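Quick one: this structure, given as structure tokens, is what I'll be asking you about.
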């Protein structure tokens, strides 16, 4: 297993909510990534973002791990929730909050902060 | 035309779909909105519904025909 693939798995397994996206929350580079991020923010989710754009290997390795072909991808507690459309639909129906509450506990939104993990170097900001 | 190709792939995967459409969202031939209503979705979670659509479009997703995909699925019950 490559280092990148290992970091992707680590991030999915250890962070409560992970968003693989094009760009970063500060500088979103794609409409679908933006929709997923907005849906997560509206639900108060503590988002850990991973930018897939810096290297094509990130996308390839992620697809191997998740079996999902498109970006963005949202994971809650290690489990794939879906892409932009699913995340948005779940947010609109109120189900996203329920999923977050069930998996992370009712206080999941308290002090929720966004962070960005760089899976190439392993650093976070 | 990409729209026709995607439509025919989806027809093959969802032959009994009462509603199925592919829209070129930007006119550029690579951003698509796909809408499928099918009994294959009945009882499946949203994630699995979308997975079936992704599977049907695996080739154009892989070869770059589809740059951006939006999916709307619906069961028949």
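Would you calculate the convex hull of the Cα atoms in the range B:1-49 and tell me its volume per residue in Å³?
On the way: hull volume 3.6 nm³, N = 49.
In the range B:1-49, the Cα convex hull volume per residue is 73 Å³.
Now, a different point. Just checking the output field for B:44-56: average partner chain Cβ neighbours within 10 Å of each residue's Cβ? It would help to have the intermediate numbers written out before the result.
Working: counts 0, 2, 9, 8, 1, 2, 7, 5, 0, 1, 5, 1, 0.
Counting Cβ atoms of other protein chains within 10 Å of each residue's Cβ and averaging gives 3.
Angle, helix A:95-104 long axis vs. longest principal axis of chain A, Cα atoms, 0 to 90°, nearest 10?
70
With springs only between Cα atoms under 10 Å apart, run a GNM on chain B and tell me which of B:37, B:48, B:23 wobbles the most.
Per the Cα network of chain B with a 10 Å cutoff, B:48 tops the list.
Then there's this: As I understand it, the value is the acute angle between the Cα axis of helix B:46-56 and the longest principal axis of the Cα atoms of chain B; what does it come to in degrees, rounded to 10?
50
If R0 is 22 Å, what FRET efficiency do you get for residue A:6 and residue A:27 from their C-beta distance, rounded to 0.05? Walk me through the numbers before you get to the answer.
Numbers: r = 26 Å, r/R0 = 1.19.
For R0 = 22 Å, the calculated efficiency reads 0.25.
Give me the percent relative contact order of the range B:2-74, please, defined on Cα pairs under 8 angstrom at least 6 residues apart. Don't skip to the answer; put the middle values down first.
Numbers: 100 pairs, mean separation 25.2, N = 73.
Across the range B:2-74, relative contact order equals 35 percent.
Quick one: go through the range A:68-96 and flag any residue whose amide nitrogen is under 19 Å from the point 7 Å out along the Cα-to-Cβ line of residue B:58.
The answer is A:68-71, A:83.
Hey, another quick one. Fewest Cβ neighbours within 10 Å first, please rank A:29, A:21 accordingly.
Exposure proxy ranking, most exposed first: A:29, A:21.
Let me ask you something else. Please work out the Cα center distance from the range A:48-66 to the range A:86-125, rounded to the nearest Å.
Value for the Cα centre distance between the two parts: 18 Å.
For the Cα atoms of chain B, what angle does the longest principal axis make with the long axis of helix B:2-13, in degrees from 0 to 90, nearest 10?
Helix B:2-13 and the main axis of chain B meet at about 20 degrees.
Same structure again: When chain A is treated as a GNM, springs tying every alpha-carbon pair under 10 Å, which of A:87, A:70, A:11 comes out with the largest mean-square fluctuation?
Between A:87, A:70, A:11, it is A:70 that shows the largest mean-square fluctuation.
How big is the equivalent ellipsoid of the range A:3-106 along its three axes, where each semi-axis is √(5λ) from the Cα gyration tensor, reported in whole Å from largest to smallest? Don't skip to the end; give the middle numbers.
On the way: eigenvalues 86, 47, 26 Å².
Ellipsoid semi-axes (Å, largest first): 21, 15, 11.
Using Cα pairs under 8 angstrom and six or more residues apart, how large is the relative contact order of chain A, in percent? If you can, show how the numbers build up before the last one.
Numbers: 204 pairs, mean separation 42.1, N = 125.
The normalised contact order for chain A reaches 34 percent.
Just the number, please: percent antiparallel of the DSSP beta bridges in chain A, rounded to the nearest 5. Mind showing how you got there, number by number?
Details: 10 of 17 bridges.
If I count the DSSP bridges inside chain A, around 60 percent turn out antiparallel.
Further, regarding this structure: Rule-of-thumb check for the protein assembly as shown: C-alpha Rg over 2.2 N^0.38 Å?
Details: Rg = 17.0 Å, N = 202, 2.2 N^0.38 = 16.5 Å.
Normalised Cα radius of gyration, the protein assembly as shown: 1.03.
Only the coordinates and a few stated rules stand behind these numbers; no lab work does. A quick note: this is a predicted structure, and the numbers were derived from the prediction, not measured. Because the Cβ atoms are built from the backbone with ideal geometry, glycine has one as well, and the counts that use them run over all protein chains shown.
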